[in-house]
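This report concerns only the one structure given below.
The values are calculated or read from the model by the stated rules, or taken from the named source; none is laboratory data. Please read all numbers here as calculations on a predicted model, not as lab measurements. Quick reminder, even Gly has a Cβ in these numbers, built from the backbone with ideal geometry, and neighbours come from all protein chains shown.
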Amino acid sequence: MYELFKNLGSWLISGDQWSGSDGIAHRIAEHLEYSLFATLIAAAIALPLGLLIGHTGKGAFLAINLSSFGRALPTVGLVVLVFLISGLSLWSVYVALVVLAVPAIVTNTYAGMSAVDPEVKDAARGQGMRGHQVLFQVEIPLALPLIMTGLRLSLIQVVSTATIAAYVSFGGLGRYVFDGLAQRDLVQVLGGAALVAIVAVVLDLALAGLQRYLFRHRRTAAH
Amino acid sequence: MTICRPGKGHLMIQFDTVHKRFPNGTTAVHDLSLEMPEGGVTVLVGSSGCGKTTTLRMINRMVDPTSGTIRVGGKDVLQQDAADLRRSIGYVIQQSGLFPHRTVLDNIATVPLLLGWGRKKARARAAELLETVGLAADAGKRYPHQLSGGQQQRVGVARALAADPPVLLMDEPFGAVDPVVRTQLQDELLRLQKELSKTIVFVTHDIDEAVRLGDQIAIFRTGGHLVQCATPAELLAHPADDFVADFLGAERGLKLLSLKSLADLPQGPAPEGGAWTLVLDEARKPLHWASKSSTGTELPVRPLKDTDSLLAALNESIASPTGLVARVDAAGVLTGVSSRDDIHEYAGRAHTEASVAA
């Protein structure tokens, strides 16, 4: 056991391991690229949806249930399914990751919007704001802490799951896990897993810190 | 149907047989005809669910009437764009409804910004209003939750005044603050109103607040019926029915005295050699009552100015050990005293006069 961790340690810090197209630095960049792109697509779909149902108060039931359904889908199954339909393409990975990311953004955006004090919305209308002004000047700024929480949760979930890209022959940190498994190289498997965990935790902490900084004037701290 | 006619002055707001029935079938306002004079304070009062807030909110189209016409400055509100109309009318609500994510200054600048004044001019105007409503300049940089309830209400009033609208709607603006702060805010509003002469519509369920602030008071009964609309003195002297009388309370005679000043109440020189002596300082300002018989015993004195009410005089004549009320000028210097008998006599006469006149 001790030997294993010692090997893992030297695997993680050895210079050779970090450079080159097979190196850790490159794999992290790939991993982040998949994750960020998938989260961006998810946000492009989920944010307008969450804002719309939050602003109008309509369709909440349907949206929340669709989200739960999306959350319940097994991601690996989805990758393989889209892979079988679309062939060898990164899109199979993106589709699966987006489906994974959408629910947290929709539900948190909706929750943030519905948590805006009705008195404040009423006051905004009473001062003469039009519908879109209430939305962009009052509702979205007030819902922003929860909206950002949704984005953060989704991104972290996607980062943790983006290892599946390697399952269908693409890059990212999953490479180490799947290659390690194939080669029965336990150190490599552990190294890949540890890197995924580290990247996820560091991102989470950084984004949480950013949220705390941005919303430092709010009475309730960012969640 | 009760029609309230103020008689003189231009009319700013007119309700003409306005009816509001909500989709769930409840009638909030029943065939209301009511007129509000320019530059006057009209208080809408009644217990909860009587339609007073709905009446107020129909003026700036936060609620649209089912039938009837409402005119502001002669123009039918339903013919105007709702958002434009609201920007031209100041609106203060309970709990202030301030935007928690904006600084106090930006909160106040809301309507000027919506009107396209530009950030610089809007902020300058907002800073000016901080002073108008009695807030320190550095309050502008703070956020609403960093202020006390009373300060938040002041910001709410400043926000409503920002674009200098001729009409101000105030929906129970002082309902959520403690009684001491409420009295302060009422005083401030009266002071502001003297300067600005806005047409104010004020909703409250507190009859004392209504009597203090109103030039005319409209009393509503559950179901959205206007029962009586009159000046405070008229209302207190001649309640239209038992409902109004009950609402005004058992002490409505005393409340009527709160509207009369004691300027004409006779006064004489302070007596000497009684059981109690009125002690003055070098500037002849009253300090306290001192007992002759037991040395060292002192009772407080609350000197009254001519602008104080007869109710205050009556109260002080009971609290004073001699039944004498110390009268002072604006600087606080003793001008004389009035006796309990004189006060009672004068108060009774004033009450009768008010009843007859009203």
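Hey, can you tell me all the residues within segment A:79-88 that are touching a residue at least 24 places away in the same chain (Cβ under 8 Å) and either within 14 Å of chain B (Cβ to nearest Cβ) or in a helix (DSSP H, G or I) (or both)?
A:Val79, A:Val80, A:Phe83
Matching residues to (1) farther than 20 Å from A:Phe136 by Cα; (2) more than 14 Å from every other protein chain (Cβ to nearest Cβ); (3) outside any strand (DSSP E or B):
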| residue | (1), (2), (3) |
| --- | --- |
| B:Thr42 | yes, yes, no |
| B:Ser48 | yes, yes, yes |
| B:Leu98 | no, no, yes |
| B:Leu105 | no, no, yes |
| B:Leu130 | yes, yes, yes |
| B:Gly134 | yes, yes, yes |
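Given the residues B:Leu196, B:Leu189, B:Leu161, B:Leu168, which is the only one that is within 14 Å of another protein chain (Cβ to nearest Cβ), farther than 30 Å from A:His217 by Cα and either without any contact (Cβ under 8 Å) to a residue 24 or more places away in the chain or not β-branched (Val, Ile, Thr) (or both)?
Going through B:Leu196, B:Leu189, B:Leu161, B:Leu168 in turn, just one is within 14 Å of another protein chain (Cβ to nearest Cβ), farther than 30 Å from A:His217 by Cα and either without any contact (Cβ under 8 Å) to a residue 24 or more places away in the chain or not β-branched (Val, Ile, Thr) (or both): B:Leu168.
Can you tell me which residues in segment A:89-123 are within 14 Å of chain B (Cβ to nearest Cβ) and surrounded by fewer than 24 Cβ atoms within 10 Å (Cβ to Cβ)?
A:Ala115, A:Val116, A:Asp117, A:Pro118, A:Glu119, A:Val120, A:Lys121, A:Asp122
Given B:Ala210, B:Ala218, B:Ala230, B:Ala237, which one is crowded, with 17+ Cβ neighbours inside 10 Å, of a type in the set (Gly, Ala, Ser), under 29 Å from B:Thr17 (Cβ atoms) and modelled with pLDDT under 90?
Result: B:Ala237 is the single residue among B:Ala210, B:Ala218, B:Ala230, B:Ala237 that is crowded, with 17+ Cβ neighbours inside 10 Å, of a type in the set (Gly, Ala, Ser), under 29 Å from B:Thr17 (Cβ atoms) and modelled with pLDDT under 90.
Determine whether segment B:35-55 contains at least one residue that is more than 24 Å from the chain's Cα centre (by Cα), within 30 Å of B:Ala126 (Cβ to Cβ) and small (Gly, Ala, Ser). Quick ask: steps written out before the conclusion?
Taking segment B:35-55 first, the residues more than 24 Å from the chain's Cα centre (by Cα) are none.
No, the conditions are met nowhere in segment B:35-55.
Just to be sure I understand the filter: pairs with C-beta atoms under 6 Å, separated by 6 or more residues or on different chains, first member in segment A:125-145 and under 21 Å from B:Leu169 (Cα atoms), second member among the small types (Gly, Ala, Ser) and in a helix (DSSP H, G or I). Which pairs pass?
A:Gly128/B:Ala83; A:Arg130/B:Ala83; A:Val134/A:Ala124
Somewhere in segment B:82-91, is a residue within 13 Å of chain A (Cβ to nearest Cβ) and either part of a loop (DSSP other than H, G, I, E, B) or in contact with a Cys (Cβ under 9 Å, 6 or more places away or on another chain) (or both)?
There is at least one residue in segment B:82-91 that is within 13 Å of chain A (Cβ to nearest Cβ) and either part of a loop (DSSP other than H, G, I, E, B) or in contact with a Cys (Cβ under 9 Å, 6 or more places away or on another chain) (or both).
Considering only helices (runs of 4 or more DSSP H) fully contained in segment A:130-223, which possess at least 3 residues that are at pLDDT 90 or above and under 17 Å from the mean Cα position of the chain (by Cα)?
Numbers: elements: A:131-134, A:140-161, A:164-167, A:174-182, A:186-214.
Once the helices (runs of 4 or more DSSP H) in segment A:130-223 are filtered for at least 3 residues that are at pLDDT 90 or above and under 17 Å from the mean Cα position of the chain (by Cα), what remains is A:140-161, A:186-214.
Would you say B:Asp164 is among the charged types (D, E, K, R) and more than 24 Å from A:Gly126 (Cβ to Cβ)?
Against the criterion (among the charged types (D, E, K, R) and more than 24 Å from A:Gly126 (Cβ to Cβ)), B:Asp164 does not qualify.
For A:Ala46, are the conditions met, namely being surrounded by 20 or more Cβ atoms within 10 Å (Cβ to Cβ), in a helix (DSSP H, G or I) and hydrophobic (A, V, I, L, M, F, W, C)?
Against the criterion (surrounded by 20 or more Cβ atoms within 10 Å (Cβ to Cβ), in a helix (DSSP H, G or I) and hydrophobic (A, V, I, L, M, F, W, C)), A:Ala46 qualifies.
Within segment B:58-73, is there a residue that is assigned to a helix (DSSP H, G or I), within 30 Å of B:Asp16 (Cβ to Cβ) and not β-branched (Val, Ile, Thr)?
Scanning segment B:58-73, I find at least one residue that is assigned to a helix (DSSP H, G or I), within 30 Å of B:Asp16 (Cβ to Cβ) and not β-branched (Val, Ile, Thr), so the answer is yes.
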